[in-house]
Amino acid sequence: MTISLATDHPGMAPSTSERVAAALKRRRRWRTAETVFWAAAVASVFLIPSKHLILNEIAILGLFALSLDLLLGYAGVISLGHAAFFGVGAYCAGLLAKAGIAEPVVGLAAAAALTAVLGFATSFLVLRGADLTRLMVTMGIALILGELANQMAWLTGGADGLQGIVMGPILGQFDFDLFGTTAYCYSLTVLFVLFLAARRITNSPFGLSLLSVRDNPLRAAAVGVPVNARLVRVYTLAAAYAGVAGALLAQTTQFVSVDVLEFHRSADVLLILIIGGTGYLYGGLVGAVLFKLLQDVLAGFTPQYWHFWIGIFLIALVLVGRERVVGGVADTVRRLLARRAGKE
Amino acid sequence: MLTLLFDGIAYGMLLFILSCGLSVTLGLMNFVNLAHGAFAMAGGYATIVLMSEFNVPFVATLPLAFLITAALGLVLERTLYRRLYGKSHLDQVLFSIGLVFVAVASVDYLMGSQQQIVKLPAALQGRIEILGVNVGLYRSFIIAICTVLVVVLQLILSKTRFGSRLRAAVDDQRVAQGLGINVGVIFASTFAVGSGLAGLGGALGAEILGLDPVFPLKFMIYFLIVVTVGGTSSLTGPFVASLLLGIADVAGKYYLPAVGAFVIYTLMIVFLLLRPQGLFARAR
Amino acid sequence: MALALETRGLQREFGALRATDNVSFRLERGARHALIGPNGAGKTTFINLLTGVLTPTAGTIYLDGVDITRTKREQRVRSGLARTFQINQLFAALTPLETIGLAVSERMGGGRDWWRPTGSKRWIIDEVVEIAERFHLVDELERRTSTLAYGKQRLLEIAVAFACRPRVLLLDEPAAGVPEADRHEILAAVASLPRDVSVLLIEHDMDLVFSFAERISVLVNGALFKEGSVDEIAADPEVKAVYLGEGDDD
């Protein structure tokens with residue numbers, strides 16, 4: 001143990017320790033831009049009532065992308081099968097409601113628990129092997145679950161989707177309405193709460209150890225970080241978050257499509273996160289807004305083939321260099337919203 | 001049961017021809033090309049178009065499918081892929097996903113989303129008896145063609161100078177360059193041939209595997225399984241892996257139809273659990 | 001009293017190549033021990049075996065008398081074995097404060113803490129500052145590691161290993177690649193390491209070896225060729241021959 005260098009004599013210059021502690025505290029502080037962001041989100045409830053349905057989708061997508069950020073942006077794990085947890089969460093909440101437990105928050109909790117268990121169980125598979133193996137295992141798991149959903153039509157409704165989900169009022173108080181207002185407020189609140197938790201977690205020593213694993217797993221192990229154990233944890237957490245996002249979708253749209261487990265969902269959420277930028281938590285949220293806007297514009301031209309343009313966008317993005325396209329915008333956004341820039 | 005085995009072997013060899021290009025590309029350029037299936041699809045559709053628009057007989061479309069897809073592969077390699085060799089795996093994944101999306105949507109737009117039917121010539125239809133086993137003629141044809149291809153590929157790799165240069169470049173790119181081997185030419189030609197083979201496989205396999213715009217997405221995982229399980233340091237690995245996969249898939253779908261597809265995925269996961277570096281990977 | 005670090009018959013093959021050949025090595029407590037040898041002798045492989053990055057094909061490793069041959073990497077660190085890498089292995093996006101802080105925090109078992117904010121434990125900051133002062137990194141504490149000068153990064157490499165408060169510290173060519181002007185800082189940092197840390201130094205720079213080490217082991221083709229005090233090894237004609245065959249050492 002060391003002798004503290006702090007002094008509290010008035011008039012003396014602050015010691016290095018005090019300076020550093022103060023700087024760390026400043027870094028954790030809420031930035032103005034962050035408050036503006038959330039204020040705008042809340043304001044949109046009152047100011048753009050006609051768009052609540054799409055705003056609800058954005059909030060859900062944002063949460064889904066946030067969950068992937070925990071995995072990719074903070075721990076460096078590339079997953080092409082994250083939709084597995086989204087889908088399982090959706091089916092879980094939908095089925096629970098159909099079974100008679102129609103209180104939404106209970107459904108959320110159940111979905112989170114189930115996907116956390118699934119995430120934990122599959123994390124050991126994902127940790128073994130290099131990048132390619134990992135990609136395959138994540139894809140494989142999502143594919144298996146997709147097949148299962150298709151085959152078990154008696155449970156999931158198969159290709160027709162899970163229908164007839166009727167939700168009770170949230171916490172017994174707030175009924176879902178036709179305009180999506182309750183839905184949006186509900187999703188936004190859940191997103192905000194989970195965001196706060198994620199913010200806290202990523203600012204903790206655990207979060208720091210994740211960053212170290214992302215940047216240099218060799219060195220992380222060499223300073224005593226139990227790399228695999230930490231990855232299992234964050235994978236489980238990311239799975240639970242994705243499960244909640246899926247549950248929200250099922251509950252607010254009262255339908256679960258079988259494509260909720262499909263590859264393009266995993267690919268889309270990866271793209272969303274990449275557009276917004278990884279490693280600072282807002283990337284998924286910003287990306288979700290941009291993605292939905294992009295989708296709206298593209299679907300305006302070609303409702304059926306808009307994935308073509310997404311493909312072109314991805315190719316161009318990589319060729320030009322992610323840093324150059326996303327970098328300029330993302331860096332400014334990052335500077336406003338958070339101090340740390342992520343490694344992509 | 002022997003028929004099943006035979007069918008499985010046919011399927012497996014087809015898978016090998018489809019995947020070997022991916023295996024060599026991954027081993028050579030360390031490039032994760034998820035769009036490999038798009039080349040197979042291109043070959044399949046080339047055959048369809050040649051047969052329906054230009055009345056080319058089926059068997060004649062096969063070498064054309066190979067050449068057309070090889071040319072496509074060459075062009076894409078020189079213009080796009082080449083810029084991405086040094087980039088991170090994430091970038092490569094994003095790029096190849098983008099390419100798949102473009103391919104799938106383009107084909108859907110141009111050819112429609114229905115399953116394409118290949119009308120096999122009468123000579124290749126029906127069944128024959130080989131060694132007392134009643135087998136499909138077309139599948140025998142596939143096995144024959146694929147066997148010839150495998151032998152030719154192995155000969156090229158082991159007996160020709162190009163083959164030894166390729167093996168050197170796969171083994172250690174920098175040293176190979178230092179020895180004066182033109183790695184760029186090797187990359188381009190290997191990618192072209194690999195894509196061409198995939199196209200040929202797509203054309204050959206259209207009858208068995210089906211052909212529609214989502215082919216690259218449906219079969220992506222199969223190619224990846226072959227490559228991961230078989231490793232990238234030789235042709236034998238992916239060959240054995242493809243056979244195993246083909247037989248397992250056919251047998252699985254026959255004996256346990258309800259869980260047919262799971263057999264493969266579960267096997268893959270079990271496999272990766274036990275040997276994450278693949279069956280035939282060299283110990284590094 | 002147990003040796004700080006010991007190996008018995010340590011062996012590692014890569015196919016036909018025997019990279020580590022029946023090495024029985026002893027590191028005394030409080031030692032200042034150097035490991036030298038021509039390029040390709042297997043020095044870094046040896047360090048990788050000691051730290052658990054590689055598994056031996058035969059032999060045992062003892063840390064303070066305890067068998068650690070089967071122990072996981074991170075567990076060895078917690079038992080008191082730390083290392084630096086020949087090429088800097090740092091966290092590009094983190095600051096030295098976070099890097100050293102991570103090592104200290106993991107050591108105290110705080111790495112599992114997912115709720116309290118980093119930096120809320122004041123005494124960890126104090127310890128980080130103390131280590132930073134020792135390694136002349138105070139002014140760089142809050143800058144991203146990737147923006148630091150190479151010499152400073154090298155100091156950080158040593159500092160982060162030191163932050164694990166190891167009983168045995170393995171330094172893999174600490175001065176490698178450092179510009180002339182900054183070398184003295186590295187040499188001073190290494191020289192000022194406290195005596196309760198036993199140090200094994202791999203180096204090519206003979207000045208550093210002779211100024212720092214008390215005992216020297218010579219590794220050739222994976223096997224321990226010679227071992228003795230600095231004077232014995234410096235005067236040994238066979239050691240000179242091994243090096244002369246390789247040309248100039250650098």
May I ask you to say which residue of A:Arg128, A:Arg214 is among the charged types (D, E, K, R) and surrounded by fewer than 19 Cβ atoms within 10 Å (Cβ to Cβ)? A:Arg128
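Residue-wise test of (1) among the charged types (D, E, K, R); (2) part of a helix (DSSP H, G or I); (3) closer than 19 Å to A:Gly140 by Cβ.
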| site | (1), (2), (3) |
| --- | --- |
| A:Leu55 | no, yes, no |
| A:Leu61 | no, yes, no |
| A:Val77 | no, no, yes |
| A:Ala84 | no, yes, yes |
| A:Val88 | no, yes, yes |
| A:Gly94 | no, yes, no |
| A:Gly100 | no, no, no |
With the structure loaded, tell me whether B:Arg167 is at pLDDT below 80, in a helix (DSSP H, G or I) and basic (Lys, Arg) or whether it fails that test. yes
Restrict the check to region A:144-151 and report whether at least one residue is within 14 Å of another protein chain (Cβ to nearest Cβ), buried (at least 16 other Cβ atoms within 10 Å of the Cβ), of a type in the set (S, T, N, Q) and under 25 Å from B:Gly231 (Cβ atoms). no
Modelled with pLDDT of 90 or more and acidic (Asp, Glu): does that describe C:Glu227? yes
Test: residue in region C:24-45 that is within 23 Å of A:Pro217 (Cβ to Cβ) and in contact with a Ser or Thr (Cβ under 6 Å, 6 or more places away or on another chain): yes
Which count do you get for residues in region A:194-213 that are within 8 Å of chain C (Cβ to nearest Cβ) and of a type in the set (D, E, K, R)? 1
Looking at this structure, is B:Leu274 within 14 Å of another protein chain (Cβ to nearest Cβ) and farther than 26 Å from B:Val100 by Cβ? yes
Which one of these is on the phi > 0 side of the Ramachandran plot, in contact with a Lys or Arg (Cβ under 7 Å, 6 or more places away or on another chain) and surrounded by fewer than 19 Cβ atoms within 10 Å (Cβ to Cβ): A:Gly172, A:Gly164? A:Gly164
So C:Asp236 passes all but one of these: (1) under 26 Å from C:Asp21 (Cβ atoms); (2) without any contact (Cβ under 8 Å) to a residue 12 or more places away in the chain; (3) surrounded by fewer than 14 Cβ atoms within 10 Å (Cβ to Cβ). Which condition number does it fail? (3)
Tell me yes or no: at least one residue of region B:79-88 is buried (at least 18 other Cβ atoms within 10 Å of the Cβ) and under 17 Å from B:Gly194 (Cβ atoms). yes
Set C:Val77, C:Val53: member being closer than 24 Å to A:Leu208 by Cβ and without any contact (Cβ under 8 Å) to a residue 24 or more places away in the chain: C:Val53
Restricting to region A:259-280, give me the number of residues that are more than 14 Å from chain B (Cβ to nearest Cβ) and surrounded by fewer than 24 Cβ atoms within 10 Å (Cβ to Cβ). 1
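For every residue, the table says whether it meets (1) crowded, with 21+ Cβ neighbours inside 10 Å; (2) of a type in the set (A, V, I, L, M); (3) out of contact with any Phe, Trp or Tyr (no Cβ under 8 Å at 6 or more places or on another chain); (4) more than 8 Å from chain B (Cβ to nearest Cβ).
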site: A:Leu285; (1), (2), (3), (4): yes, yes, no, yes
site: A:Val289; (1), (2), (3), (4): no, yes, yes, yes
site: A:Leu294; (1), (2), (3), (4): no, yes, no, yes
site: A:Tyr305; (1), (2), (3), (4): no, no, no, no
site: A:Ile310; (1), (2), (3), (4): yes, yes, no, no
site: A:Leu317; (1), (2), (3), (4): no, yes, yes, no
Residue list for region C:105-125, filter: more than 27 Å from the chain's Cα centre (by Cα), at the interface with chain A (Cβ under 7 Å from one of its Cβ atoms) and closer than 22 Å to A:Arg19 by Cβ: C:Arg116, C:Pro117, C:Thr118, C:Gly119, C:Arg122
Kindly list the number of the only condition in (1) out of contact with any strand residue (DSSP E or B) (no Cβ under 8 Å at 6 or more places or on another chain); (2) in contact (Cβ under 8 Å) with a residue 40 or more places away in the chain that fails for B:Phe6. (1)
Assess whether B:Phe187 counts as being among the aromatic types (Phe, Trp, Tyr) and more than 12 Å from the chain's Cα centre (by Cα). yes
State which residue is farthest from the other protein chains (Cβ to nearest Cβ) when the search covers only region C:64-95 and only residues that are in a strand (DSSP E or B) and crowded, with 23+ Cβ neighbours inside 10 Å. C:Leu81
Taking region B:251-268, which residues are within 7 Å of chain A (Cβ to nearest Cβ) and at pLDDT 75 or above? B:Phe262, B:Tyr265, B:Met268
Consider C:Glu98 against the criteria (1) at the interface with another protein chain (Cβ under 7 Å from one of its Cβ atoms); (2) in a loop (DSSP other than H, G, I, E, B): it satisfies all of them except one. Which criterion is unmet? (2)
For the structure I just gave you, tell me whether B:Phe187 is more than 13 Å from every other protein chain (Cβ to nearest Cβ), of a type in the set (Phe, Trp, Tyr), under 16 Å from B:Ser19 (Cα atoms) and buried (at least 16 other Cβ atoms within 10 Å of the Cβ). no
Is at least one residue of region C:173-193 more than 19 Å from C:Thr99 (Cβ to Cβ), more than 9 Å from every other protein chain (Cβ to nearest Cβ), touching a Leu at 6+ places or on another chain (Cβ under 8 Å) and of a type in the set (Ser, Thr, Tyr)? no
Any idea which of A:Val137, A:Val117, A:Val126 is among the β-branched types (Val, Ile, Thr) and either more than 14 Å from every other protein chain (Cβ to nearest Cβ) or without any contact (Cβ under 8 Å) to a residue 12 or more places away in the chain (or both)? A:Val117
Find the helices (runs of 4 or more DSSP H) located wholly in region A:183-265 whose residues include 2 or more that are touching a Leu at 6+ places or on another chain (Cβ under 7 Å) and not basic (Lys, Arg), and list them. A:205-215, A:227-253
Of those in region C:5-51 that are surrounded by fewer than 20 Cβ atoms within 10 Å (Cβ to Cβ) and among the aliphatic types (A, V, I, L, M), the residue modelled with the highest pLDDT is C:Leu17
Working only within region A:217-229, note down all residues that are more than 7 Å from every other protein chain (Cβ to nearest Cβ) and buried (at least 23 other Cβ atoms within 10 Å of the Cβ). A:Ala220
Taking the condition more than 8 Å from chain B (Cβ to nearest Cβ) and buried (at least 18 other Cβ atoms within 10 Å of the Cβ), does A:Gly157 pass? yes
In a helix (DSSP H, G or I) and under 28 Å from B:Pro121 (Cβ atoms): which single residue out of B:Phe95, B:Phe16 fits that description? B:Phe16
Please go through region B:92-131 and pick out each residue that is within 10 Å of chain A (Cβ to nearest Cβ) and surrounded by fewer than 20 Cβ atoms within 10 Å (Cβ to Cβ). B:Ser106, B:Asp108, B:Tyr109, B:Ser113
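The values are calculated or read from the model by the stated rules, or taken from the named source; none is laboratory data. It should be emphasised that the depicted structure is a prediction, and the values quoted were computed from it without experimental measurement. Cβ coordinates were reconstructed from backbone atoms using ideal geometry, including for glycine residues, and neighbour counts include every protein chain displayed.
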